[in-house]
Amino acid sequence: MKDYRPTSPGRRQMTRVETKGILTIKEPEKSLLAPLKKQAGRGRSGRITVWHKGGGHKRQYRLIDFRRDKFGISAKVSAIEYDPNRSCFIALLNYKDGEKRYIIAPHDLKTGSEVITQENAPANIGNRLLLKNILVGTQIHDIETVPGSGGKLVHSAGSFAQVMANEGGYTDIKFPSGEIRKFRDTCFATIGQVSNPEHGIEVIGKAGRARWMGIRPTVRGSAMNPVDHPHGGGEGRAPIGLRRGPKTPWGKQALGVKTRRKKKWSNRFILQRRK
């Protein structure tokens, strides 16, 4: 981690991940960039579905190859780059046939390394292979939920899942949440932990840096009036009161509420619920 000299109150606590010697100093690959329109927390209907989003620095989207469907063709890692749209780093691959693609960079993947997607490839960092060919105890990420669908799970910085068992056409995988779940062993996954594991201990340091990231201010419910929030009103700093727990602005329970459907079809694949 990089610390700053305390030249101002914001700088005093601010930290960031030291990327010197990790990231490649270069412009992003133009052919793999796409425009990214700001939604400010709005969903498909145009209504705000996620609060406290908006503003922020202008970004371009990096087209990430989650399928990695160039089977049997090795690729050389030409750069490890910063991606403003995700917490981990990304790696630029140069395939032997001349094509370039971005992938999620595993931790400790070096520039100049070679990676490959193959059913039974060596279990080297960055290689992608079938779950049934991965040894028990191996750390993996970018896991498919359905064979051929592309990586859907374990993408955030520093995260990894672990192979627990291979039997009966299924692979048992333990996730960062503690959940153990069965997947078809013909799904693909990438070897290694996701890059940038120090991301979680970064200190933003000042409100302005949050605004650069597109995070708007959050107002406490207890600071509002009763008409605006169930926690509002009262004289001084009043507690939540006789309610069972914190509420949303619409009066629903806010913490510890189970939202998963009880009869969801995939329940039978979950061996152990998350903690």
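Assorted remarks:
- Total residues in the stretch 1-47, condition outside the structural domain of GLY98 (by TED's automatic domain parsing) and touching a Ser or Thr at 6+ places or on another chain (Cβ under 8 Å): 4
- With respect to the conditions (1) assigned to a loop (DSSP other than H, G, I, E, B); (2) surrounded by fewer than 15 Cβ atoms within 10 Å (Cβ to Cβ); (3) on the phi < 0 side of the Ramachandran plot; (4) out of contact with any helix residue (DSSP H, G or I) (no Cβ under 6 Å at 6 or more places or on another chain), THR24 lacks only one, and its number is (2).
- In the stretch 249-272, residue modelled with the highest pLDDT [restricted to those that are surrounded by 13 or more Cβ atoms within 10 Å (Cβ to Cβ) and not in a strand (DSSP E or B)]: PHE269
One line per residue, one yes/no per condition, for (1) aliphatic (A, V, I, L, M); (2) buried (at least 16 other Cβ atoms within 10 Å of the Cβ); (3) farther than 15 Å from ILE104 by Cα; (4) within 15 Å of the chain's Cα centre (by Cα):
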residue	(1), (2), (3), (4)
PRO147	no, no, yes, no
HIS155	no, yes, no, yes
GLY158	no, yes, no, yes
ILE191	yes, yes, no, no
SER195	no, yes, no, yes
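- Per-region count, the stretch 154-196, residues outside any loop (DSSP other than H, G, I, E, B) and either of a type in the set (D, E, K, R) or in contact with a Phe, Trp or Tyr (Cβ under 9 Å, 6 or more places away or on another chain) (or both): 14
- Residue pairs meeting the criteria (Cβ under 9 Å; at least 6 apart or on separate chains; first within 27 Å of ILE116 (Cα to Cα), in the stretch 184-207; second part of a strand (DSSP E or B) and among the basic types (Lys, Arg)): PHE188/ARG128; ALA189/ARG128; THR190/ARG128; ILE191/ARG128
The values are calculated or read from the model by the stated rules, or taken from the named source; none is laboratory data. Note that the coordinates shown come from a computational prediction; the quantities given were computed from them, not determined experimentally. Note: ideal-geometry Cβ built from the backbone for every residue, glycine included; neighbour counts use all protein chains shown.
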